[in-house]
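Just below is one structure, and these are the notes that go with it.
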Amino acid sequence: MRHLFLQVLRDEDGRPTCEDNILYDSLHEPALDWAVIGTLSDKLVTLGIAVPESLIEAVYLDQCFNAGNRVVRHHVDRPPEVLMAG
C-alpha cells in the first residue's frame with residue numbers, strides 16, 4: 001500500500017492511551033493523499049507540531065523501502081536512536 005498513517009496522541013503522564021487521548025487521526029481524512037510524504041508534513045504544520053527533519057526523512061525512506069516495525073526516537077539536537085528494527 002505504501003500509504004502513511006498519522007495519529008497524534010495527548011500525553012497523559014504515562015497513563016495508558018485511550019480513545020479520548022487521540023487529538024488527530026488521519027483515518028478521519030481519507031480524501032487526503034496519504035501516499036505522499038508532503039501530506040504528512042503539511043498536516044503536522046497545520047496542527048502546529050514541529051518534528052525533527054530526520055523524522056520526515058526516515059518516514060519517507062521507510063515508505064520507499066516498504067520498511068515496517070521500526071521504532072526510532074528522533075531528537076532535535078542529536079542523531080536518531082533506533083530502539084527496534086523489524
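Derivation of every value follows stated rules applied to the coordinates shown; laboratory data play no part. Please read all numbers here as calculations on a predicted model, not as lab measurements. Note: ideal-geometry Cβ built from the backbone for every residue, glycine included; neighbour counts use all protein chains shown.
Can you find, among V36, G86, Y24, the residue sitting farthest towards the positive end of the charge dipole of the chain, where Lys and Arg contribute +1 and Asp and Glu -1 at Cβ? About the Cα centre, the residue reaching furthest to the positive side is G86. Our coupling estimate for region 67-83, obtained by passing each phi through the Karplus curve with A = 6.51, B = -1.76, C = 1.60 and θ = phi - 60°, is 7, x, 6, 10, 10, 10, 9, 9, 10, 6, 10, 7, x, x, 10, 7, 8 Hz, Gly and Pro reported as x.
Under the criterion of Cα pairs below 8 Å and six or more residues apart, the relative contact order for the chain equals 23 percent.
Here the dipole of the chain is about 260 debye; that uses its Cα centre as origin and unit charges on the Cβ of Lys and Arg (positive) and Asp and Glu (negative).
Based on the alpha-carbon gyration tensor of the chain and its eigenvalue square roots a ≥ b ≥ c, which shape applies: rounded if a/c is under 1.5, prolate if not and a/b is larger than b/c, or oblate? Rounded shape, in that the Cα axes give a/c under 1.5. The label-point distance for V51 and L9, in a model that sets each label 7 Å from Cα toward Cβ, rounds to 1.5 nm. Under the combined filter of DSSP loop state and at most 15 neighbouring Cβ atoms within 10 Å, region 16-82 retains these trypsin sites (Lys or Arg not before Pro): R70.
Springs between Cα atoms under 10 Å define the GNM used for the chain, and in it the highest mean-square fluctuation of A31, A50, A67 occurs at A31.
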